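*Asks:* Below: one structure in structure tokens.
The numbers here are math on the coordinates, done by the rules we state, and not lab data. Please read all numbers here as calculations on a predicted model, not as lab measurements. Every residue, glycine as well, gets a Cβ built from its backbone with ideal geometry; the counts of neighbours run over all protein chains shown.
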Amino acid sequence: MEGQGIIDPKIYNELKELMGADYVVEIIDTYIQETEGLIQQLPQALGAGDAATFGRLAHSIKSSSASLGAVNFSLQARELEMLGKANDLAGVGAKLEKLTAAFLLVASRLKELRDEP
């Protein structure tokens, strides 16, 4: 399956077992909605040169993504978080575009997993 590496199945299944399948559906829906909002705020923080806010937004994305098993996506967000903390937003645009594109894959894969029995 193409989306296999997008979400770590071990982490996802542990979460599903711990929280219950019904609750994981809610977690996924909330995660997608909230992460979409955070990603939309990143370009605003970047445009304003607000490295602190940029870093905090990326931190939130990193943490919630890791808990759902989106490990590689979480690492991308961590890189942006570190750049924000270092007050180094020069050249972040391309990384932000990659993060945005990667989120679409993560969201799509999580929706597939959510709809599995």
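*Asks:* Which aspartates and glutamates, on any chain, are close to Lys111 with Cα under 18 Å apart, when same-chain ones fewer than 8 places away are left out?
*Replies:* Reachable aspartates and glutamates: Glu2, Asp8, Glu14, Glu17, Asp22, Glu26, Asp29, Glu34, Glu36.
*Asks:* Along Cα→Cβ, 7 Å out, is where each label goes; now give me the distance between the ones at Glu97 and Thr30 in nm to one decimal.
*Replies:* Going by the 7 Å Cα→Cβ label model, 3.5 nm.
*Asks:* With θ set to phi - 60° and the Karplus curve 6.51 cos²θ - 1.76 cosθ + 1.60, what are the ³J(HN,Hα) couplings of the range 74-89 in order, to the nearest whole Hz, using x for Gly and Pro?
*Replies:* For the range 74-89, the Karplus-derived couplings read 4, 5, 5, 5, 4, 4, 5, 4, 5, 5, x, 5, 7, 6, 10, 9 Hz, x marking Gly and Pro.
*Asks:* Distance in nm between label sites at Glu17 and Asp88, each 7 Å beyond Cα in the beta-carbon direction?
*Replies:* Modelled inter-label distance: 4.0 nm.
*Asks:* Now a separate question. About the Cα centre, and with charges only on the beta carbon of Lys, Arg (+1) and Asp, Glu (-1), how big is the dipole of the range 2-115? Nearest 20 debye, please.
*Replies:* It works out to roughly 320 debye.
*Asks:* Which parts of the range 21-65 would a label at Leu104 reach, counting a residue when its backbone N lies under 16 Å from a point 7 Å out along Cα-to-Cβ?
*Replies:* Residues 36-37, 39-40 qualify, since their backbone N sits under 16 Å from the label point.
*Asks:* Using just the helices of the chain, give the 222 nm mean residue ellipticity in deg cm²/dmol: DSSP H runs with n ≥ 4 each add -39,500 (n - 2.57), and the total is spread over all residues, rounded to 500.
*Replies:* Result for the chain: -27500 deg cm²/dmol, rounded to the nearest 500.
*Asks:* Still on this structure: Relative contact order of the chain: what whole-number percent is it, with Cα pairs under 8 angstrom and at least 6 residues apart?
*Replies:* Once normalised by length, the contact order is 33 percent.
*Asks:* Let me ask another. Can you put Ile11, Ile32, Ile61 in order, fewest other beta carbons within 10 Å first?
*Replies:* Result, fewest neighbours first: Ile11, Ile32, Ile61.
*Asks:* Calculate how large, on average over all directions, the projected area of the Cα convex hull of the range 2-115 is; give the answer in nm² to one decimal.
*Replies:* Computed as one quarter of the Cα hull surface, the answer is 6.5 nm².
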